[in-house]
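Below you'll find the structure, written out as structure tokens, and then a few comments.
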Amino acid sequence: MQQFKTVAFHTLGCKLNFSETSSIANDLQVAGFAKVDFNGVADVYIINTCSVTDQADKKCRNFIRKAKRQNPDAFVVVVGCYAQLKPKEIAEIKGVNLVLGTNEKFNVKKYLEEKTEAKNEFLQGHIKEVKTFVPSFSFGDRTRTFLKVQDGCDYFCSFCTIPLARGRSRNASIQETLASAQKAIEKGAKEIVLTGVNIGDFGKSTGETFFDLVKALDKLEGVERFRISSIEPNLLEDEIIEFVSKSKKFMPHFHIPLQSGSDEILAGMRRKYRTELYTNRVNKIKSLMPNVCIGVDVIVGYPGENHEEFLKTYNYLNELPVSYLHVFTYSERPNTVAVRFDEVVPHQERNERSTMLRILSEKKKRAFYESQKGNEFTVLWEAQEDNGLMQGFTENYLKCVTPFNPQLANTITPVWVNELKDSTTFMAQTSETIPS
């Protein structure tokens, strides 16, 4: 049997992947593996993949090559969404030794113990068989942790492969989720970000609701902040918004996928809302939390999105009181409905539209920061030093920097924001310098 002693990890994609990588790493460290940096030499390299876009696939291949450059004799394991969707294709990449699908990735320790030779192999069950929820949370950075509260999705939007990669929606019970949150708190986390594939769907498998979970987490002692990561607008109910507006622990920061400002395109995407509902959600949030930060996911270049339909999206977002955009250029994904649609948008036009929306996002973000000048907030400071500065984020996700002081790391302090270091970073004044 091979004697693997060291392991390195690289995570591609979403916050959910980061939480799962941490759980896999913890299992291996308990088993005696020493974790090393991916840029160093390791016996085993584990790459946790995403497959939302073609670019994610390319990045996976790049990191496989990088691992083999670091150590030509290394054992390379690929897990995650890309591994579930295209296991044979990955197994045939030069340098890959083992590919583990969605069900198998949490048993990586067992598979490594069984390996007697470095051969290309993939282990992947059918996605319909994936029914178990495996809890996890990220750690290593004590300041903030990503807590996995839900996995899988039942929506089957026409452009998305996530249900094929992660299976149906599922979750642990509220009590089990609270226990995971408590473990993160005991490791020093001051802020917990709730993450999953479709977190608003929490509770379908346990007879509970996401709102029930929010209320239960709000009562936990020892943690000062919670953030709700991406949540579908049709699942972001008024009672959740109202609760967050009054909570001292849930931060005034929402990320709400839109995907298109055209109702015709939303229908083609099989989204479960239209722009009227989305507008109502944003206006409700802003009315209760005027300083709230609202992020938006948007896809450009979807089949059938002609110039007129794109302008509907652009103009809709331009008028909407949101803070920033995450812009995705549509890419064809095998086994999705949209890949069979006509009226394909040329790649050059997709890229031009992406550029337009990214410029709009920069303007939105700058305007949001300008609107917050002169206010007092609190910042959770991170430990890393960068050119003599350290950074942190306010309740409403304003990025702030201050002269590096190791005593501030993982503490929450009052600040006054008035001076922009650049268009989206405040040079924060600490409590001692806040004007009375």
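A compact table of results
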| read-out | value |
| --- | --- |
| Helices (runs of 4 or more DSSP H) (entirely within segment 54-95) containing at least 2 residues that are under 21 Å from Cys153 (Cβ atoms) | 54-70, 81-85 |
| Test: residue in segment 349-371 that is within 24 Å of the chain's Cα centre (by Cα) and modelled with pLDDT under 95 | no |
| Among the candidates Gly125, Gly196, Gly140, residue that is at pLDDT below 85 and under 15 Å from Ser23 (Cα atoms) | Gly140 |
| Every residue from segment 6-18 that is modelled with pLDDT of 90 or more and either in a loop (DSSP other than H, G, I, E, B) or not β-branched (Val, Ile, Thr) (or both) | Ala8, Phe9, His10 |
| Residue among Ala181, Ala172 that alone is assigned to a loop (DSSP other than H, G, I, E, B) and either touching a residue at least 60 places away in the same chain (Cβ under 8 Å) or not assigned by TED's automatic domain parsing to the domain that holds Gly392 (or both) | Ala172 |
| Elements of type strands (runs of 3 or more DSSP E) in segment 360-420, at least 1 residues being closer than 20 Å to Ile285 by Cα | 375-381, 389-394 |
| Tabulated pairs, segment 79-90, first on the phi > 0 side of the Ramachandran plot and outside the structural domain of Gly152 (by TED's automatic domain parsing), second basic (Lys, Arg) and assigned to a helix (DSSP H, G or I), C-beta under 8 angstrom, 6+ apart or interchain | Gly80/Lys105 |
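Condition check ((1) touching a strand residue (DSSP E or B) at 6+ places or on another chain (Cβ under 6 Å); (2) among the aliphatic types (A, V, I, L, M); (3) outside the structural domain of Ile299 (by TED's automatic domain parsing)) across all residues:
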residue: Asn318; (1), (2), (3): no, no, no
residue: Pro334; (1), (2), (3): no, no, no
residue: Thr355; (1), (2), (3): no, no, no
residue: Tyr397; (1), (2), (3): yes, no, yes
residue: Asn410; (1), (2), (3): no, no, yes
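The values are calculated or read from the model by the stated rules, or taken from the named source; none is laboratory data. This one's a predicted model, so the numbers in the text were calculated from it and none came from an experiment. Glycine gets a Cβ as well: all are built from the backbone with ideal geometry, and neighbour counts include every protein chain shown.
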